[in-house]
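Notes for the one structure printed next.
The values are calculated or read from the model by the stated rules, or taken from the named source; none is laboratory data. Just so it is clear, the model here is predicted, and its values are computed rather than measured. Reconstructed Cβ throughout: ideal geometry from the backbone, glycine too, with neighbour counts over all protein chains shown. Each accessible area value is taken on the protein alone, full model and side chains, heavy atoms only, with ligands, DNA and RNA left out. Shrake-Rupley method; radii C 1.70, N 1.55, O 1.52, S 1.80 Å.
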Amino acid sequence: MQNRDYGLGKEDVKKLVLQLSIPSIIAMLANALYNVVDRIFIGKGVNEIAIGGVYVALPLMFVISSFMILASTGGSTLMSISLGKGDKDMAEKFLNNSFVLCAVFSVLLPLVFYPFSDDLLRLVGSVPENHQYALDYFNIVLLASPAIMIGFGLNNFIRASGDSKAAMITILIGVFLNVILDPIFIFVFDMGVKGAAIATAISQYVSAIWVVMHFVKKKSILTLNIKYFKLERKIVSMIFENGLPLFLMNIANALVSAFITVEARKYGGASAISALSILTSVTNVFFMPLFGINQGIQPIIAYNYGAKNYERLSKAYKIGALYATYISIFVFIIIMIFPEQMARIFMQKDANPELLTMSVAALRKSMYATAFLGIGVTGTSFFQAVKRPKVAAFTSLLRQFLLLVPLVYFMSIKWGLNGIWYAYSLSDLISTIIVVYYLVRIFKLVKIECESEGEVI
């Protein structure tokens with residue numbers, strides 16, 4: 001078991017992409033369901049305004065999870081590259097240093113956020129109608145931060161080692177528990193939003209315990225080892241440098257989510273925030289397969305970049321981008337045909353008709369460029385896997401921050417809520433064009449590096 005690389009350097013690339021991506025897609029879909037299931041049960045068991053309250057808490061949760069991403073994603077990519085070079089000792093250092101960083105962040109961040117949660121939620125867009133819902137949900141989920149940090153953080157290492165099935169099981173355990181516990185706490189115990197938050201917290205802790213035991217019981221290529229728990233400045237620096245692109249992307253997501261919530265509140269009040277919550281819930285589920293493909297191809301690309309095998313890393317990306325494009329086109333068609341049916345999943349039968357109209361408009365008008373997203377999303381993952389953190393950071397920030405924020409601001413001035421929805425489509429289109437430009441350039445450079453005699457890292 002200790003010497004397996006799950007075929008990252010030898011298995012047929014197409015077969016390997018499917019082998020790693022399918023479990024990752026299932027895991028990412030399941031991961032998306034953590035929040036979506038909460039919102040469905042809250043919409044049915046409480047009201048549609050409460051859905052908006054839960055959504056308001058999302059930017060703050062993004063910020064917290066960003067630090068887990070900084071520590072774990074940076075470390076897991078470097079671990080894959082180290083395994084590709086045959087350097088198991090260095091790979092274990094990345095694993096254990098990342099684990100310690102996640103543990104430290106999981107303690108510090110709740111201490112920072114909890115005293116200011118009321119003011120922070122108002123800052124990121126809550127209104128009087130949904131503020132208490134947001135506060136109840138966020139304060140309870142905040143207590144699950146250690147489980148989120150450690151569970152999801154270590155799961156990135158399971159996936160990066162090529163064991164995507166174990167990574168999938170980790171996520172599924174939490175989701176199944178959440179689906180079971182949500183209706184019990186919301187309907188049986190009549191705890192409303194607080195019940196949904198408690199169900200999520202319990203599910204996260206059970207998942208975290210399972211994933212820790214995966215490493216402690218030596219079911220993985222690498223293990224948690226106390227001798228590596230002391231943070232090394234060089235290792236931490238490398239982890240932060242490589243994890244920075246996705247960290248910035250998640251921080252950008254938090255800022256963008258807060259900004260758009262405030263803009264939606266300006267033009268449509270509490271109903272517009274609930275429509276925004278429904279939009280993000282639907283798109284998160286549909287786009288998770290794209291990120292699942294990312295997670296499937298990234299260890300293949302990183303491993304073969306470390307092994308200086310250009311042909312395999314190039315093929316892995318192209319296959320992943322093709323599959324991602326197929327999914328993007330499928331998502332576009334489904335959302336354009338069935339937006340009303342999707343929106344109703346989150347509503348009671350007597351829900352506000354205005355909310356349904358807003359939600360349908362949001363789904364359709366924000367998805368016009370969806371068919372092109374496959375290349376853009378996988379491109380950023382490729383940049384990170386071949387150690388182009390600056391380009392990865394820039395392209396990550398493009399779609400969700402550098403373009404979307406100014407587009408939302410100026411287009412909403414002219415077209416109100418419709419301007420916000422149209423801004424999503426325009427941002428997707430422009431960012432994809434820019435990613436393609438960088439892909440062409442960096443593929444040429446990577447080929448030269450792989451054909452040279454020098455070290456890749």
Among the residues of segment 202-215, is any out of contact with any strand residue (DSSP E or B) (no Cβ under 9 Å at 6 or more places or on another chain), open to solvent by 10 Å² or more (accessible area, probe 1.4 Å), free of Cβ contacts under 8 Å to residues at least 24 places away in the same chain and not β-branched (Val, Ile, Thr)?
yes
In segment 201-219, is there at least one residue being at pLDDT below 90, of a type in the set (Ser, Thr, Tyr) and at negative phi?
no
So, of the residues in segment 4-41 that are at pLDDT below 75 and under 17 Å from the mean Cα position of the chain (by Cα), which turns out to be surrounded by the fewest Cβ atoms within 10 Å (Cβ to Cβ)?
34
Go through the residues of segment 240-255 one by one and say whether even a single one is open to solvent by 10 Å² or more (accessible area, probe 1.4 Å), in contact with a Pro (Cβ under 8 Å, 6 or more places away or on another chain) and of a type in the set (A, V, I, L, M, F, W, C).
yes
Note: among 413, 375, just one is among the β-branched types (Val, Ile, Thr), open to solvent by 40 Å² or more (accessible area, probe 1.4 Å), closer than 20 Å to residue 256 by Cα and assigned to a helix (DSSP H, G or I), namely 413
Which of the residues that make up segment 73-89 are in a helix (DSSP H, G or I) and farther than 15 Å from residue 242 by Cα?
83, 84, 85, 88, 89
Answer from 128, 115 - the residue that is out of contact with any helix residue (DSSP H, G or I) (no Cβ under 9 Å at 6 or more places or on another chain), surrounded by fewer than 23 Cβ atoms within 10 Å (Cβ to Cβ) and more than 24 Å from residue 34 (Cβ to Cβ):
115
So residue 446 ticks every box in (1) open to solvent by 50 Å² or more (accessible area, probe 1.4 Å); (2) of a type in the set (A, V, I, L, M, F, W, C); (3) in contact with a Phe, Trp or Tyr (Cβ under 7 Å, 6 or more places away or on another chain); (4) more than 21 Å from residue 364 (Cα to Cα) but one. Which box is left unticked?
(1)
Does residue 392 qualify as being modelled with pLDDT under 90 and either in contact with a strand residue (DSSP E or B) (Cβ under 6 Å, 6 or more places away or on another chain) or in a helix (DSSP H, G or I) (or both)?
yes
Given the condition on the phi > 0 side of the Ramachandran plot, open to solvent by less than 30 Å² (accessible area, probe 1.4 Å) and not charged (D, E, K, R), answer yes or no: does some residue in segment 165-186 qualify?
no
Return only the number of the condition from (1) more than 17 Å from residue 245 (Cβ to Cβ); (2) charged (D, E, K, R); (3) open to solvent by 50 Å² or more (accessible area, probe 1.4 Å) that residue 390 does not satisfy.
(1)
Checking the structure you have, find out if any residue of segment 84-97 is open to solvent by 10 Å² or more (accessible area, probe 1.4 Å), closer than 30 Å to residue 255 by Cα, of a type in the set (A, V, I, L, M) and in contact with a helix residue (DSSP H, G or I) (Cβ under 6 Å, 6 or more places away or on another chain).
no
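Each row is one residue, and each column tells you yes or no for (1) open to solvent by 10 Å² or more (accessible area, probe 1.4 Å); (2) acidic (Asp, Glu); (3) within 20 Å of residue 400 (Cα to Cα).
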{"site": "266", "(1), (2), (3)": "yes, no, no"}
{"site": "277", "(1), (2), (3)": "no, no, yes"}
{"site": "280", "(1), (2), (3)": "yes, no, yes"}
{"site": "285", "(1), (2), (3)": "yes, no, yes"}
{"site": "290", "(1), (2), (3)": "no, no, yes"}
{"site": "293", "(1), (2), (3)": "no, no, yes"}
{"site": "309", "(1), (2), (3)": "yes, no, no"}
{"site": "317", "(1), (2), (3)": "yes, no, no"}
How do the pairs read when you match residues in segment 303-322 that are farther than 13 Å from residue 447 by Cα with residues anywhere that are open to solvent by 50 Å² or more (accessible area, probe 1.4 Å) and among the charged types (D, E, K, R), using Cβ under 8 Å and keeping only pairs 6 or more apart or on different chains?
319/14
Listed residues 357, 370; which is open to solvent by 20 Å² or more (accessible area, probe 1.4 Å) and hydroxyl-bearing (Ser, Thr, Tyr)?
357
